[in-house]
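Here is the structure we will look at, set down as structure tokens.
Just so it is clear, none of the values below were taken in a lab; they were calculated from the coordinates. The model shown is predicted, which means the values in this text are computed figures rather than measured ones. Here the Cβ positions follow ideal geometry from the backbone for every residue, glycine too, while neighbour counts run over all protein chains shown.
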Amino acid sequence: MQKITEQPSHFDHLERMSIGELLQHINEEDMRVAEAVRQALPQIEALVTAIEPRMKRGGRLFYVGAGTSGRLGVLDASELPPTFGVAPDRVLGIIAGGDDALRHAVEKAEDDPENGWHDVLAHQPTADDTVIGIAASGTTPYVIGAVSEARKNGLLTGCITSNPNTPLAAAADHPIETIVGPEFVTGSSRMKSGTAQKMVLNMISTSLMIRMGRVEGNRMVKMQLTNAKLIDRGTRMIQESLGLSYDEAQECLLEAGSVDKVLKKQ
């Protein structure tokens, strides 16, 4: 089976293109990504629907990937605590090769089908946990192994891939296939495939955080007050909601520690 992600680019002689031409054609290819994700919305909805009750019972969400896919999983997981005030152990990103692989390629780390599940086991998974494997190719042994063993052990499983009918999709309860087509630079799945993965991860995690009460109206009322920008944002939320002056709102916010605690007192 020839993987779509490895097929030749729609463009050739890239080195002869001007900067303007390169940017235009990359943008043209990127426009295909949103449509590919739209086509996968029913798959995404099914997975999020299955995860929600598990997380509400205290279950965790694990993203498992290698290379670009692994880095995107770690990125999404790491952004949730400051954005939504969720505990850092509720959504975890696991990458083949460990933290060193975030900055440097760790050769052959993705080729061992046993290491993925081994890395999940280090967190003592339970039946309420979910494992989502991320691999553009859909054939990464590290990711397939993690998803396969998680499913055998009673965990909910999903995956995100850019090829149809892959071994990874077959291993998961809820496969998500975003068929974005060949990459602008042949085989460089950090481009369209990576963009699609980021979009889907945003959808999954944001939807779950909203469903778990981490957003009120359209506001991130449980965000962590870790810098001046976020304190200002929280202050303005309270100011708008309660009709206080800016200084009064900020005083209330800093005393309570979060926007939702201030609003619940009213």
The chain, Gaussian network, Cα under 10 Å: of Ala228, Ala171, Ala249, the residue fluctuating most is Ala228
Taking Rh as the Kirkwood radius, which is the inverse of the mean 1/r over Cα pairs, what is the Rg/Rh value for segment 31-77?
1.05
Rg and Dmax in Å for segment 181-266, alpha carbons only: what are they?
18.4, 57
Taking 7 Å along the Cα-to-C-beta vector as the label spot, tell me the Lys152-Leu230 distance in nanometres, rounded to one decimal.
4.0 nm
Compare the Cα positions of Pro113, Ala146, Ala172 along the charge dipole of segment 105-187 (+1 at Cβ of Lys, Arg; -1 at Cβ of Asp, Glu; about the Cα centre) and return the one farthest towards the positive end.
Ala172
When the label point is put 7 Å from the Cα of Leu254 along its Cα-to-beta-carbon vector, which residues of segment 211-240 have a backbone N closer than 14 Å?
225-236
Rounded to whole Å and ordered largest first, report the semi-axes of the equivalent ellipsoid of the chain derived from its Cα gyration tensor (root of 5λ).
35, 24, 16
Remind me, relative contact order of segment 182-266 in percent, using alpha carbon pairs under 8 angstrom and six or more residues apart?
20 percent
For an R0 of 45 angstrom, estimate the FRET efficiency from the Cβ-Cβ distance between Lys265 and Arg16 and round to the nearest 0.05.
0.10
Can you work out the base-10 log of I(q)/I(0) for segment 39-155 at q = 0.14, 0.16, 0.23 1/Å, using the Debye formula on its C-alpha atoms alone?
-0.55, -0.73, -1.41
Per residue, how much space in cubic angstrom lies within the convex hull of the C-alpha atoms of segment 118-266?
160 Å³
So for the pair Leu121, Asn27, with labels modelled 7 Å out along Cα→Cβ, what separation do we get in nm?
5.1 nm
Qualifying lysines (Cα of each under 20 Å from Cα of Lys192; at least 8 residues distant if same chain):
Lys3
Calculated FRET value between Ala34 and Ala170, using beta carbons and R₀ = 22 Å, to 0.05
0.25
What FRET efficiency comes out for Gln7 versus Leu102 if R0 is 22 angstrom and r is the Cβ-Cβ distance? Round to the nearest 0.05.
0.15
How high is the relative contact order of segment 160-210? Use alpha-carbon pairs under 8 Å, at least six apart in sequence, and give a whole percent.
31 percent
Would you mind checking which residues have amide H under 5 Å from Val64's amide H? H placed 1.01 Å from N; only 5 or more apart, or other chain.
Ile94, Ile132, Gly133, Ile134
So, relative contact order of the chain in percent, Cα under 8 Å, 6 or more apart, is 22 percent
Considering the Cα positions of segment 128-206, please state its Rg to one decimal place and its Dmax as a whole number of Å.
12.3, 40
Divide by every residue of the chain the summed helix terms, -39500 (n - 2.57) for each DSSP H run of at least 4, and state the resulting mean residue ellipticity at 222 nm, rounded to the nearest 500 deg cm²/dmol.
-16000 deg cm²/dmol
